[in-house]
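Report on one structure; see the data block that follows.
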Amino acid sequence: MPPSLRQTIEEIRSIMGNSMELLINEVTVSGHDCALVCSEGLVSTLNISNLILTPLTEISLGENSTPDDLCGHIQNKMLLGIDRPRATTYGEFIRFLMSGFALILIDGVCGALCFGVQGYEKRGVSPPSSEADLKGAHEAFTEVVRVNVSLVRRRMKSPTVRFELMKVGSKSNTDVCVVYDTDSVDFNMLRRVKAQLLSTKLETVISSGYLQPFLESGKKGIFHTVGTTERPDVLCSKILEGRIAVLIDGTPFALIVPTLFAENFQTLDDYNCKPYYAVFLRWLRYVGFLIAVFLPGVYIAVALYNPEIFNGRLMLMLASEEAKAPVPLAAEALIMLTIYELIREGGLRLPKAVGGTVGIVGGIIIGDAAVKSGIVSTPLLIVIALSVTASFVIPALNDGITVLRFAVLLAGAIGGFFGISLVLMILLFDLCSAESFGIPIMAPLSPFSFRAMKDVAVREGIVKLQTHNFNINRMGKRRRKENDLR
């Protein structure tokens, strides 16, 4: 940046294209021409008035002072803000300007003095919407990354918990914060994560979903190998286990790597209740996953290929119900599942006040009309309803469950139990071969770890879990050790 104030202002106007939010106020401070530059809507006018304009008007350095004297006085002897970097290039100037800084230009001085006076509108901390817990904290991340950092730091006061800020996106320059614990993190993995983030060739990062594919394993799998959470307490527990979290400005969801498939069946309430009840809830979710994925397909396979599995009375009842339907059994199931997905998608996209009503009323009216008209049989409707309800128990896996449910249904209709077995083998192969930064997502089941299974198959007491001190990076070392033995 040149020392000429007039030339610098003209270049800034040229870069910004005289954008309406650009504010440039030229003032004289102690006999020197200066300019205060900020972006309307990103700064607090009260802070600018109290912390910058009022102190500047009180400066008196004398007639023999130089522009460098004024710059040094402002930067070193005046408390105009805590965050006070300096911009020496136009790129840095624009980045600070768009981040809510007020910048002071002095005629005869290269660069600009920057002062953090952010004051943009933001949503306050609210209860989590997708990870609700009965006894957990009622705080969720917001869209402002610095607020999210404070939520984590308030819970983790140890200096070993570090926050590293970087910029991602050639046009958006989005703030991305990498969070980790130096006592438990694998530094090779940390370097890989930061390299992946910095090497992304994106123009803008609007949500966590933009960066998630860059942190996924190279293999295309059915389920995500990157975890997400909107709860600060969950993130804190993950980084203590050696994981790395990524906070992204503009989105209330944090990314966590590496992640395990079994963690989709765990909730914070599991650790706020008695172990025996936590084990019951956890196995209820395991069974719910199986019901959500396999129940429609198994019902179709039994009804079409192996009806002798049912007892005589049940078989006759099902046959009489299916005889009333004008379409084949597999077509009925596909129609009902498609209608459910349409109702669900409509309920999600509509405003909350209307979305829930649409889902309930639409489901009841359509289901009742379909059964009364004979288009769909009552037993099939019950099977579909059970499968859909079971999927609500594990919302984190909804994407994969939806696709697998249709795949198992088609496999059961075409090949019976043989087709379902084939889909099951493909699913197990996909899960057992998937990794997240070198950590198998099926750990601690594959590779097997008896100690880690104490928080997967069951849930031991908090005292015993604390003494075990689980670290996810041991799963990767176990896999590497097995490979060396081979």
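The values are calculated or read from the model by the stated rules, or taken from the named source; none is laboratory data. Predicted, not measured: the structure shown is a model, and the values here were computed from it. Reconstructed Cβ throughout: ideal geometry from the backbone, glycine too, with neighbour counts over all protein chains shown.
Values for this structure:
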{"quantity": "Odd one out for Met20, checked against (1) without any contact (Cβ under 8 Å) to a residue 40 or more places away in the chain; (2) under 19 Å from Gly111 (Cβ atoms)", "calculated": "(2)"}
{"quantity": "Residue within the range 420-430 that is modelled with pLDDT under 95, surrounded by 20 or more Cβ atoms within 10 Å (Cβ to Cβ) and either closer than 16 Å to Ala262 by Cβ or in contact with a Lys or Arg (Cβ under 9 Å, 6 or more places away or on another chain) (or both) present", "calculated": "no"}
{"quantity": "Subset tally (residues that are in contact with a helix residue (DSSP H, G or I) (Cβ under 8 Å, 6 or more places away or on another chain), assigned to a loop (DSSP other than H, G, I, E, B) and within 21 Å of Thr160 (Cα to Cα)) for the range 223-281", "calculated": "3"}
{"quantity": "Failed item, numbered, when Ala330 is tested on (1) out of contact with any helix residue (DSSP H, G or I) (no Cβ under 8 Å at 6 or more places or on another chain); (2) buried (at least 17 other Cβ atoms within 10 Å of the Cβ)", "calculated": "(1)"}
{"quantity": "Failed criterion for Lys454 (all others in (1) free of Cβ contacts under 8 Å to residues at least 24 places away in the same chain; (2) exposed (fewer than 14 other Cβ atoms within 10 Å of the Cβ) hold)", "calculated": "(2)"}
{"quantity": "Every residue from the range 201-210 that is buried (at least 18 other Cβ atoms within 10 Å of the Cβ) and in contact with a helix residue (DSSP H, G or I) (Cβ under 7 Å, 6 or more places away or on another chain)", "calculated": "Val205"}
{"quantity": "Those residues of the range 10-33 which are under 16 Å from Phe96 (Cβ atoms) and in a helix (DSSP H, G or I), in sequence order", "calculated": "Glu11, Ile12, Ile15, Met16"}
{"quantity": "The range 209-249, residues that are small (Gly, Ala, Ser), within 15 Å of the chain's Cα centre (by Cα) and closer than 13 Å to Ile439 by Cβ", "calculated": "Gly227"}
{"quantity": "Qualifying positions in the range 211-226 - under 14 Å from Ile256 (Cα atoms) and of a type outside the set (A, V, I, L, M)", "calculated": "Gln212, Pro213, Phe214, Glu216, Ser217, His224, Thr225"}
{"quantity": "Qualifying residue in the range 286-295 (condition: without any contact (Cβ under 8 Å) to a residue 60 or more places away in the chain, surrounded by fewer than 20 Cβ atoms within 10 Å (Cβ to Cβ) and more than 18 Å from Pro395 (Cα to Cα))", "calculated": "no"}
{"quantity": "Number of positions in the range 282-309 that are more than 27 Å from the chain's Cα centre (by Cα) and assigned to a helix (DSSP H, G or I)", "calculated": "15"}
{"quantity": "Qualifying position, being surrounded by 17 or more Cβ atoms within 10 Å (Cβ to Cβ), hydroxyl-bearing (Ser, Thr, Tyr), modelled with pLDDT of 80 or more and under 20 Å from Asp270 (Cα atoms), among Ser436, Ser391, Ser387", "calculated": "Ser391"}
{"quantity": "Conditions (1) touching a Cys at 6+ places or on another chain (Cβ under 8 Å); (2) part of a strand (DSSP E or B); number of the one not met by Phe115", "calculated": "(1)"}
{"quantity": "Any chance Ile104 is closer than 27 Å to Thr174 by Cβ, of a type in the set (Val, Ile, Thr), outside any helix (DSSP H, G or I) and assigned by TED's automatic domain parsing to the domain that holds Gly31", "calculated": "yes"}
{"quantity": "Residues of the range 333-364 satisfying the condition of being farther than 18 Å from Leu409 by Cβ, among the hydrophobic types (A, V, I, L, M, F, W, C) and surrounded by fewer than 14 Cβ atoms within 10 Å (Cβ to Cβ)", "calculated": "Leu348, Ala353, Val354, Ile360, Val361, Ile364"}
{"quantity": "Among (1) modelled with pLDDT under 85; (2) at positive phi, the one test that Gly111 misses", "calculated": "(1)"}
{"quantity": "Ser130, sole failed condition from (1) closer than 24 Å to Leu151 by Cα; (2) small (Gly, Ala, Ser); (3) out of contact with any helix residue (DSSP H, G or I) (no Cβ under 8 Å at 6 or more places or on another chain); (4) surrounded by fewer than 16 Cβ atoms within 10 Å (Cβ to Cβ)", "calculated": "(3)"}
{"quantity": "Test for Thr66: is it modelled with pLDDT of 85 or more, more than 24 Å from Lys122 (Cβ to Cβ), of a type in the set (S, T, N, Q) and surrounded by fewer than 14 Cβ atoms within 10 Å (Cβ to Cβ)", "calculated": "yes"}
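Residues are listed down the side, and each one gets a yes or a no for (1) exposed (fewer than 12 other Cβ atoms within 10 Å of the Cβ); (2) on the phi > 0 side of the Ramachandran plot:
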| residue | (1), (2) |
| --- | --- |
| Glu11 | no, no |
| Ser14 | yes, no |
| Ile24 | no, no |
| Asp33 | no, no |
| Pro55 | no, no |
| Gly62 | yes, yes |
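Table: residues versus (1) hydrophobic (A, V, I, L, M, F, W, C); (2) in contact with an Asp or Glu (Cβ under 6 Å, 6 or more places away or on another chain); (3) under 20 Å from Ser49 (Cβ atoms).
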| position | (1), (2), (3) |
| --- | --- |
| Gly62 | no, no, no |
| Asp68 | no, no, no |
| Ile74 | yes, no, yes |
| Asp83 | no, no, yes |
| Thr88 | no, no, no |
| Gly91 | no, no, no |
| Phe96 | yes, no, yes |
| Ala102 | yes, no, yes |
| Leu105 | yes, no, yes |
